[in-house]
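The values are calculated or read from the model by the stated rules, or taken from the named source; none is laboratory data. Just so we're clear, the structure is a prediction, and the values are computed from it rather than from any experiment. Neighbour counts are summed over all protein chains in view; Cβ atoms, including those assigned to glycine, are modelled from backbone coordinates with ideal geometry. Protein only, heavy atoms only, side chains kept; ligands, DNA and RNA dropped before computing areas. Shrake-Rupley method; radii C 1.70, N 1.55, O 1.52, S 1.80 Å.
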Amino acid sequence: MPIIEVSGLAKDFRSGGAVVHALRDVTFSVDEGRFVTLVGPSGCGKSTLLAIMAGLTSATRGEARIEGTPITAPMPDKIGMVFQDPTLLPWKTALANVEFPLALRHVDATARRKRCTQLLDLVGLSEFADHYPHELSGGMRQRVAIARGLAQDPRLILMDEPFAALDEQIRTRMGHDLLEIWERTGKTIFFITHSLTEAIYLSDTVLVMSARPGSIIGTLPIDFPRPRDLDIIGSESFGRIRNRIWHLISEPQK
Ligand SMILES: Nc1ncnc2c1ncn2[C@@H]1O[C@H](COP(=O)(O)OP(=O)(O)OP(=O)(O)O)[C@@H](O)[C@H]1O
Ligand SMILES: [Mg+2]
């Protein structure tokens, strides 16, 4: 059952006299509960697509729907977001940052505290609830952002290169932990990354986008059994999938 359906989506930007065709005829769907990753060359339109799916910007043509409803504005109770930059409020503690979206919606303080304390626990940060962002490492700040993305219990989480600023060891760990959170919460995750290894390791499906104007040129099912072990990364079948994606991304489109 698809939770997200994107059909015939195009986006043109006009800046000055010039028109940039960022997306062209993007069509795909994501089934409920799946972990789907989007990869593609820099500047191909991935973040633009995510912004449309988040209701932050409008499409020039086509549409994105969640559970059949066109996405025309942010829907925080249905769609959560986590970006590369965790954008925490520096004057608020980790817990208060996670609570922030609920506070904005006037959710009862006791209920909100309880829920957000559980979320900090889920991302492994219960001991850091009272710490301020500058007292946390980059990986910890990103965990706070993930907990905040889960605060309103959305069915879908959109993630735009959430681990790009982290070193490889922490990044691998965060990916592994994200899979655990995903398995425990049953959310649908739509994830953008530049790392093909990360994409394959995490996902049920990898979508490949062409160079600008971006369109989907490959949909690769990833069938490694779960829970996954990091050892699969060195396997021959993993390498074959990575090569296939690499060729799709690198070869000029007709
Ligand atoms: N607000 C905007 N106004 C004008 N052009 C824009 C705007 N946002 C994005 N673009 C252009 O649209 C194209 C796609 O940008 P986008 O950020 O979606 O790419 P991306 O695939 O996320 O790249 P990266 O992998 O580097 O993050 C680029 O050419 C970019 O310059
Ligand atoms: Mg981007």
Under 5 Å, built H, 5+ apart or other chain: amide partners of residue 217: 208, 209, 210
Pick from 27, 117, 69 the residue whose mean-square fluctuation is largest in a GNM of the chain, springs joining Cα atoms under 10 Å. 69
Cβ-based net charge around residue 173, under 15 Å, with every Lys or Arg adding one and every Asp or Glu removing one: -2
Below 25 Å Cα-Cα, how many Lys pairs turn up in the chain? Only count pairs eight or more apart in sequence, or on different chains, if you could. 11
Once phi for every residue in the stretch 4-14 is put through the Karplus expression 6.51 cos²θ - 1.76 cosθ + 1.60 (θ = phi - 60°), the whole-Hz ³J(HN,Hα) values, with Gly and Pro written as x, are 10, 10, 10, 9, x, 6, 9, 9, 10, 10, 10
Under a GNM of the chain (C-alpha, springs under 10 Å), which listed residue has the highest mean-square fluctuation: 199, 109, 165? 109
Could you give the length gained by full extension between residue 173 and residue 106, i.e. 0.36 nm per residue of separation minus their alpha carbon distance, to one decimal place? 20.7 nm
Helix-derived [θ] at 222 nm for the chain: sum -39500 (n - 2.57) over DSSP H runs of at least 4, divide by residue count, nearest 500? -10500 deg cm²/dmol
Note: the stretch 86-153, point scatterers on Cα, Debye, no solvent; log10 I/I(0) at q = 0.12 Å⁻¹ equals -0.23
What residue among 142, 169, 152 shows peak mean-square fluctuation when the chain is described by a Gaussian network model with Cα springs under 10 Å? 169
When only the heavy atoms of the protein chains count and the probe is 1.4 Å, how do 42, 58, 203 rank by accessible area, highest first? 42, 58, 203
Length gained when the stretch residue 230-residue 63 is fully extended (0.36 nm per residue, less Cα-Cα span): 56.4 nm
Computed label-point distance, nm, for sites residue 32 and residue 180 using a 7 Å Cα→Cβ extension: 2.7
Kirkwood radius from Cα pairs of the chain plugged into Stokes-Einstein at 10 °C, 1.306 mPa s, gives D in µm²/s equal to 84
Residue 127/residue 165 FRET efficiency (R0 35 Å; Cβ-Cβ; nearest 0.05): 0.95
